[in-house]
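Right, one structure below, let's go through it.
The values are calculated or read from the model by the stated rules, or taken from the named source; none is laboratory data. Being a predicted model, the structure only gives us computed values, none of them experimental. We place every Cβ from the backbone using ideal geometry, glycine too, and count neighbours over all the protein chains shown.
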């Protein structure tokens, strides 16, 4: 059997030419692959718009070839622009939300139908809690009616619970994009990208680390395929950072969020964080030290401050 394994930024890592339950599928199961009924192919989760998981790909190909399969492998490491990635993500999340909403509607309809069947079965049970007449010709029918009514009611309850879960999933999916673009989420993503860029640059340039006791260990610059991978990762992160910094700037300009820094927050001021007004006890470059209403202390990044009140106004004025 000839199989085709491809990796692209838009589609991720996909293996075609096999099905869920055939010999190749049994090899893939448990190796980090999943089967998609939508594309009728196996895929590696979370591989879209990321570097290919080369070790997983190599071990999978080796296992398939050892079993007698021929695997044609095509790896494209070209990354898409961040704006294109986000547009695609928003479209996919909208389509998923719509699909889940339709599914929830079907589950609700099924729950209503099961409830109607349960009520119909209950009407066939003798009224007023009439006891079973043991030995009477009606005993068998009475027991059958009770059994059917109980089964129908259980199906109704199960269908209603399943419909509730489906509706909850649909509502979560409908707000996925909103959550992704919340100011704090955007700020956290910018911080993560800056950290990722710094880490890649550090490995590409080489670095040293001083351990306890003064021992210094030096790491040479990355080279070969590893350096190429780091460069691609850094370039993609730089592009993504520019996209999210533009989103952050737009949020600040529109008034959706206030940019707090050590220039406009001072010791003795009050900030709203996690639903509570906290007293600022110290100003740091990237955060403020605070004391909560319960006396606990900690630090809060400037980007996590919800509201701010100068010391003269107090926390509740």
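Inspection of segment 295-305 finds a residue satisfying the criterion of being closer than 30 Å to residue 204 by Cα and surrounded by fewer than 18 Cβ atoms within 10 Å (Cβ to Cβ).
When restricted to residues that are in contact with a helix residue (DSSP H, G or I) (Cβ under 7 Å, 6 or more places away or on another chain), assigned to a helix (DSSP H, G or I) and surrounded by 15 or more Cβ atoms within 10 Å (Cβ to Cβ), segment 220-237 contains 4.
Where strands (runs of 3 or more DSSP E) sit wholly within segment 20-128, none has at least 3 residues that are more than 21 Å from the chain's Cα centre (by Cα) and crowded, with 17+ Cβ neighbours inside 10 Å.
For residues in segment 249-258 being without any contact (Cβ under 8 Å) to a residue 40 or more places away in the chain and part of a loop (DSSP other than H, G, I, E, B), which is farthest from residue 282 (Cα to Cα)? Of everything passing the filter in segment 249-258, 254 is farthest from residue 282 (Cα to Cα). Of all the criteria given as (1) part of a strand (DSSP E or B); (2) more than 15 Å from residue 187 (Cβ to Cβ), the one not satisfied by residue 288 is (2).
Based on what the data block shows, is residue 270 touching a residue at least 24 places away in the same chain (Cβ under 8 Å) and either over 30 Å from residue 81 (Cβ atoms) or more than 28 Å from the chain's Cα centre (by Cα) (or both)? The answer is yes for residue 270.
Residue-by-condition table, conditions (1) surrounded by 14 or more Cβ atoms within 10 Å (Cβ to Cβ); (2) in contact (Cβ under 8 Å) with a residue 12 or more places away in the chain; (3) assigned by TED's automatic domain parsing to the domain that holds residue 221; (4) more than 28 Å from residue 245 (Cα to Cα):
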{"site": "156", "(1), (2), (3), (4)": "yes, yes, no, yes"}
{"site": "161", "(1), (2), (3), (4)": "no, no, no, yes"}
{"site": "166", "(1), (2), (3), (4)": "yes, yes, no, yes"}
{"site": "169", "(1), (2), (3), (4)": "yes, yes, no, yes"}
{"site": "172", "(1), (2), (3), (4)": "no, no, no, no"}
{"site": "188", "(1), (2), (3), (4)": "yes, yes, yes, no"}
{"site": "192", "(1), (2), (3), (4)": "yes, no, yes, no"}
{"site": "197", "(1), (2), (3), (4)": "yes, yes, yes, no"}
